[in-house]
Amino acid sequence: MKKPVVIFDLDETVVDSSHRTPNNPDGTLNLAKYFENKTRENIFKDKLLPLADKMKEMYETGFHVVVCTARDMNEDDFDFLEFHGLRFHEIFHRGNVRKPHHHSLPDAEYKTKQLKKYKNTEYTFYDDAAPIIERFRTYPNVNMVDARQANTPLT
């Protein structure tokens, strides 16, 4: 029997990295400042969001856990995940993309291309970005979960 598949984004889904992700006036990510802030010290200041516990639980209970992030992961990012017990079976990130033009794709298009191997698989996908949520909600095999809502405690 195949393991059920679950996919998690990282930033603002499992990890609060907002302290080091500066935006331009139009709300887009300021990449130059982002890479300036991408130090080991800053990465380890990130905080876990409630969905981090869900990710851990799903891994421990036998789900096939995939991380799909638009980050360009480095050793410090992987060390952070390991330190916090955030385990996965597979990861897609811009640093492991062999096609250079994929590095500049908008996040929704990038994630669609990365996850094409799962196009005939039913899976749950947790992400916080509206364009990704909108796109993946149109796929009949995807249970798309808005991480912004999933991480907000009920009052």
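Over 24 Å between Cα atoms, which of K45/K116; K2/K54; K47/K117 qualify?
Values: K45/K116 33 Å; K2/K54 20 Å; K47/K117 31 Å.
Where the Cα-Cα span goes over 24 Å, the pairs concerned are K45/K116; K47/K117.
Return the ratio Rg/(2.2 N^0.38 Å) for segment 1-67, where Rg is computed over Cα atoms only. Mind showing how you got there, number by number?
Working: Rg = 14.9 Å, N = 67, 2.2 N^0.38 = 10.9 Å.
Compactness ratio reported: 1.37.
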Separation of the F35 and T124 label points, Cα + 7 Å toward Cβ, nm: 3.7
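Work out, step by step, the length gained on full extension between F83 and K47: first 0.36 nm times the residue separation, then minus their alpha carbon distance; give nm to one decimal.
11.8 nm
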Can you run phi through the Karplus equation (6.51, -1.76, 1.60; θ = phi - 60°) for segment 49-60 and list ³J(HN,Hα) in whole Hz, with x for Gly and Pro? 9, x, 5, 4, 5, 5, 4, 4, 4, 5, 4, 5
Relative contact order (percent, whole number), segment 35-100, Cα cutoff 8 Å, 6+ residue spacing: 37
Quick one: which residues, 5 or more positions from F92 or on another chain, have an amide H under 5 Å from its amide H? H modelled 1.01 Å from N in the peptide plane, none for Pro or chain starts. V67, C68, T69
Residue-by-residue Karplus 3J(HN,Hα) for segment 89-95, coefficients 6.51, -1.76, 1.60, Hz, glycine and proline x: 9, 8, 9, 10, 8, 4, x
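Could you sort 67-73, 134-140, 87-93 so that the peptide with the highest average Cβ count within 10 Å comes first and the rest follow in order? Don't jump to the answer; show the numbers that get you there.
On the way: 67-73: 20.9, 134-140: 13.1, 87-93: 16.3.
Averaged packing, sorted descending, gives the order 67-73, 87-93, 134-140.
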Roughly what would the spin-label model give for H19 and R148, points 7 Å off Cα along C-beta, in nm? 2.3
Once amide H atoms are built 1.01 Å from N in the peptide plane, which residues 5 or more positions from L48, or in another chain, come under 5 Å H to H? D16
Using the Kirkwood radius over Cα pairs, work out the Stokes-Einstein diffusion coefficient for the chain at 37 °C and 0.692 mPa s, in µm²/s as a whole number. 204
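Each reported figure results from applying straightforward, stated rules to the coordinates on display, with no laboratory input. Owing to the predicted nature of the structure, the values given are computational and were not obtained by experimental measurement. Neighbour counts run over all protein chains shown; Cβ positions are idealised from the backbone, glycine included.
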